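Report on one structure; see the data block that follows.
The values are calculated or read from the model by the stated rules, or taken from the named source; none is laboratory data. Quantities reported herein were computed from a predicted structural model and do not represent experimental measurements. Using ideal geometry, Cβ is built from the backbone for each residue, glycine included, and neighbour counts are taken over all protein chains shown. Surface areas here come from the heavy atoms of the whole protein model, side chains and all, with no ligands, DNA or RNA. Shrake-Rupley method; radii C 1.70, N 1.55, O 1.52, S 1.80 Å.
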Amino acid sequence: MKYLMYVLFIFGLFTHTLFAADLPDFTVLAEQQGNKVVNISSIIERPNNQNNIPFQDERMQEFFKRFGIPNIPGVPPQGNPQGPEEQVNGTGSGFIIESDGYIITNAHVVAQADTVLVKLADKREFKADILGIDRRTDVALLKIKAKNLPTVQFGNPEKIKVGQWVAAIGSPFGLENTMTVGVVSAKGRALPQENFVPFIQTDVAINPGNSGGPLFNTDGEVIGINSQIYSRTGGYMGLSFAIPIDVAINVADQLKKNGKVIRGWLGVAIQEITEDLSESFGMKDTRGALIAMVEKDSPAERGGILPGDVILKFNKNPLDSSSDLPKFVGTTKPLSEVPVEILRKGKKITLSIKVGEMPNEEMMVAGKKSPAKEVNRIGLSLRELTTEDRKKINGRSGLLVLEVKGPSVASGIRTGDVILALNNSAVQSIASFNQDIRKIPKGKTIALLIYRNGDTLYIPVKVTD
């Protein structure tokens, strides 16, 4: 028995040593990179209004004070409850990219600030100038009056592998120079309303105050800027997203030079190609970007791109997924003429497109609802659009969805959607649409082009009846 326990002890010691040897040591990274990360305080001054204060719990104030956060957003500083103004402090992180005081952070950290303060690791504080912000990528460039500052080194996000170790340094809840570690969970992640950033997804613990801080690889190189978390509680839940550093540096360079970012623009709405959509379009795989909508008088329309086209290559760059397209287009110089390879009804075509400049305003159009009527084979009750309806969707023809049942519910079609096309053929009337649906063999998947709240997207629906 003693011999068996001895053997088990030796085996346990061996396996512990073996697995421990595979784990990275982040102590050197913390020592060498911590002094390049800064704490950022964004101060907003506004008229004091006690009626707008979300809570005034002295215990909560004391709790936050113990962790170095003197003011809770929405709560006026103690000792001046009735003063003419209150200061609302936000906390974020950033890192030094040039030794003469250039600092990168998130746009959302400083966008609303009246005053931005930067605190270095050596406890020196500086008032920062905001040289520019770019809301589309959530990147901001700051400048402080300092020299000979330590700067970070940049890594190559293209070399990132899913599963590799990474580390974040920042100021969660104002706790300066805090390091957390984890692994890369996914690459090139596209998030809703974030078309210009192929995010790096990690499981690194990111909390309020980490925003704008660096994401390091194990070589101590910055590969991203921690920007967002997915959470139902407001705190970390295992899903964190970082902006690739090459995207951020491109933006920072333009902000430094122009004070704004100039991007290429096509004027299309795109979506990912699922296996069901790939089948309905007769494609061999799911690579490329599906064109769901083309704006009027846009570079795409002038160049001949149509809804239902699949862009396979942009300026000779293959698209592995739809999230690649905004990156390639955005980094293209406006007025450049580039080749665009598309798939249209099973045939490859190369178009020459003159890229435009990204406009500032976004298009917004709402849908409409009406009472329910007869339901067709795929579970849809429809109404033809009125003249007034068509004006709201830029003069297009379509069928308004009044009620959703059966397979259309499972596919994600909603009441208020407008059906524009069936398998790339424009819809003409309810009668002809329902007749075409009846001709589809059971078990086949169709692709409906849907107009929803200003956007268009293809939705696959499997015919089950």
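Summary of computed values
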item: Surface accessible to a 1.4 Å probe, per residue, for the residues of region 380-463, Å²; result: 44
item: Relative packing of 96-108, 304-316, which averages over residues the other C-beta atoms within 10 Å, highest first; result: 96-108, 304-316
item: Percent accessible area from carbon and sulfur atoms, region 425-465, protein chains only, probe 1.4 Å; result: 48
item: Paramagnetic reach from LYS345 in region 250-279 [backbone N under 19 Å; point 7 Å along Cα→Cβ]; result: 278-279
item: Accessible area per residue in Å² at 1.4 Å probe, computed on region 265-357; result: 50
item: Partners for LYS127 among aspartates and glutamates (Cα-Cα distance below 16 Å; same-chain residues under 8 apart left out); result: GLU45, ASP100, ASP114
item: Mean Cβ neighbour count within 10 Å, used as a protection proxy, ranking 126-132, 418-424, 146-152 highest first; result: 418-424, 126-132, 146-152
item: Accessible area of region 153-258 belonging to carbon and sulfur atoms, whole % at 1.4 Å probe; result: 49
item: 1.4 Å probe accessible area per residue over region 153-258, in Å²; result: 43
item: Spatially near lysine pairs across region 380-463, Cα under 19 Å, sequence gap of 8 or more or different chains; result: 6
item: Unsatisfied cross-links (Cα-Cα over 18 Å) in the set LYS36/LYS145; LYS123/LYS256; LYS161/LYS327; LYS296/LYS348; LYS143/LYS333; result: LYS123/LYS256; LYS161/LYS327; LYS296/LYS348; LYS143/LYS333
